[in-house]
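Take a look at the structure set out below.
The values are calculated or read from the model by the stated rules, or taken from the named source; none is laboratory data. Nothing here was measured: the structure is a model prediction, and the numbers come from that model. No Cβ is skipped: glycine too gets one built from the backbone with ideal geometry, and neighbour counts run over all protein chains shown. Note: areas computed on protein heavy atoms with side chains; ligands, DNA, RNA excluded. Shrake-Rupley method; radii C 1.70, N 1.55, O 1.52, S 1.80 Å.
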Amino acid sequence: MAEIEQPWLDRLPFDLDEALAAANLPARPYSENPGHWCNAAVRAEYLPVAYSRAMIDYQLAYWRGSGQPLFDLSLVLYQDKHPCGIWPLSFVAADGVRLGSNGDALLPPLFVAGLTPNVRKKLLQSCLDFVDTLARKFDIGQWQSLAAFENQSSVSEWQHLALCRGATVTCSYELFIDLHRSVAEIKSGFRKSYRPLVSLGAKLWQIAVLDGRDDRVWDEFKNLHREVAGRVTRSDDSWRLQHAAVASGDAFLVYLRDGAQRMVGGGFFQVTRDEAVYAVAAYDRALFDKPLGHAVQYRAIEEMKSRGVRWYKIGARPYPGDQPPPSEKELRIAEFKQGFASHIFPCYRLTASLCH
């Protein structure tokens, strides 16, 4: 886990206690008691990767490495002084104030299982009031929020309440694999042309999983990524945090070696108890006609199954009619990923306008 910033609270351009009080929101910064965040997270009914501290810390490092002065404003929510929810928040105070989560649109709070509907609704209303308080203070004309898959079939209460307040909504899509099924059943659901490629990949490459600290292997993957990209794409600190996530059990790396023991491909996956996310990949461009990604995906699914993960989020599924239109490369990548997917779930983006 990344070192907690202190005294970051003093650098915020507003008084956090005043904003929380104005919204009647019983919450405290994550940095005051990290154990309370962990306490609430493990009691959530479904824990998405976006709410894991490993992912939040990585995203903060990624955006800061790109020059964005991002504050970690993550909050722990309380009921009767007991932690009952977590809310990843990030605050950018340069070139216009922006409030979001992990450097992107705002995520809804995540609550512990068993919280009564009345308590949940009251807290959600206060969270929306908190956002509105900051929007008014900094004259933020609009703010956006994501309502993504959380292993439930109905529209979330967060989305419902935001819509009742006048928010508008657009929809995108994400690819998932249901990991409740056996590995054989999952493989049978792959695109027909992929199945023999998975088997061929197992014959062509030595496939291994990095699930602990290994500086040599991690540096090989980092260097492969730089070679494939043709440049350094992000900070050393972001790479360090991803390696730390592997060491802490919050991520793993599947990598391939050829007969000369040269690393020719790899995929990095972040995980929680319930969800896995395909985060970073790098494959030798000279071998794109060989089944590199197929082998990595299949071995990663085996690893997820061994950990008891419930759902695997492969990534976004753009379509030609999306606005703005996706690139041909984005569509090709999505088509490749869909060959593994068992489900396509909606991801709603809410846009709320500031009411004066």
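Among ASP95, ASP104, ASP215, which one shows the highest mean-square fluctuation when the chain is modelled as a Gaussian network with alpha-carbon springs under 10 Å?
ASP95
Amide H to amide H, which residues 5 or more places from LEU179 or on other chains are under 5 Å from it, using H placed in the peptide plane?
Under 5 Å from the amide H of LEU179 lie the amide H atoms of TRP311, TYR312, each far enough along the sequence or on another chain.
Would segment 1-143 count as rounded, prolate or oblate if I go by the C-alpha gyration tensor, calling it rounded below 1.5 in a/c and otherwise prolate when a/b exceeds b/c, oblate otherwise?
Verdict is oblate for segment 1-143.
In nanometres, what is the gap between the two model label sites at GLU335 and ALA247, each 7 Å from Cα along Cα-to-Cβ?
4.2
Arrange the peptides 54-60, 121-127 so that the one whose residues have, on average, the most other Cβ atoms within 10 Å appears first.
So the peptides 54-60, 121-127, ranked by packing, come out 54-60, 121-127.
Which residues among segment 274-303 fall inside the zone where the amide N is under 18 Å from a point 7 Å beyond the Cα of LYS203, along Cα→Cβ?
289-296, 298-299
In nanometres, what is the gap between the two model label sites at LEU354 and GLN152, each 7 Å from Cα along Cα-to-Cβ?
3.0
Anyone know which of LYS329, LYS305, LYS337 comes out most mobile in the 10 Å Cα GNM of the chain?
Highest fluctuation of the listed residues: LYS329.
Between segment 96-111 and segment 209-288, what is the separation of their alpha carbon centroids in Å?
Cα centres, segment 96-111 to segment 209-288: 27 Å.
Roughly speaking, what is the stretch gain from LYS81 to ASP289, that is 0.36 nm per residue apart minus the C-alpha to C-alpha distance, in nm to one decimal?
Result: 69.1 nm gained on full extension.
Using a Förster distance of 25 angstrom, determine the FRET efficiency expected from the C-beta separation of HIS160 and PHE14, and round it to 0.05.
On the way: r = 28 Å, r/R0 = 1.14.
Efficiency computed from Cβ-Cβ geometry: 0.30.
With each label point set 7 Å from Cα along the Cα-Cβ vector, what nm distance links ASP236 and GLU328?
3.9
Can you tell me the length gained on complete extension of the stretch ASN118 to GLN144, counting 0.36 nm per residue apart and subtracting the Cα distance?
Numbers: separation 26, 0.36 × 26 = 9.36 nm, distance 2.48 nm.
So the extension gain works out to 6.9 nm.
In what order, largest first, do HIS225, HIS243 sit by accessible area if the probe radius is 1.4 Å?
So, going from the largest accessible area down, we get HIS225, HIS243.
Arrange the peptides 338-344, 164-170, 318-324 so that the one whose residues have, on average, the most other Cβ atoms within 10 Å appears first. Show your work: numbers first, answer last.
Working: 338-344: 17.7, 164-170: 13.4, 318-324: 10.3.
Ranked from most to least packed, the peptides come out as 338-344, 164-170, 318-324.
Would you compute, from DSSP H runs of 4+ residues alone, the mean residue ellipticity of the chain at 222 nm, taking -39500 (n - 2.57) per run and dividing by the full residue count, rounded to the nearest 500?
-11000 deg cm²/dmol
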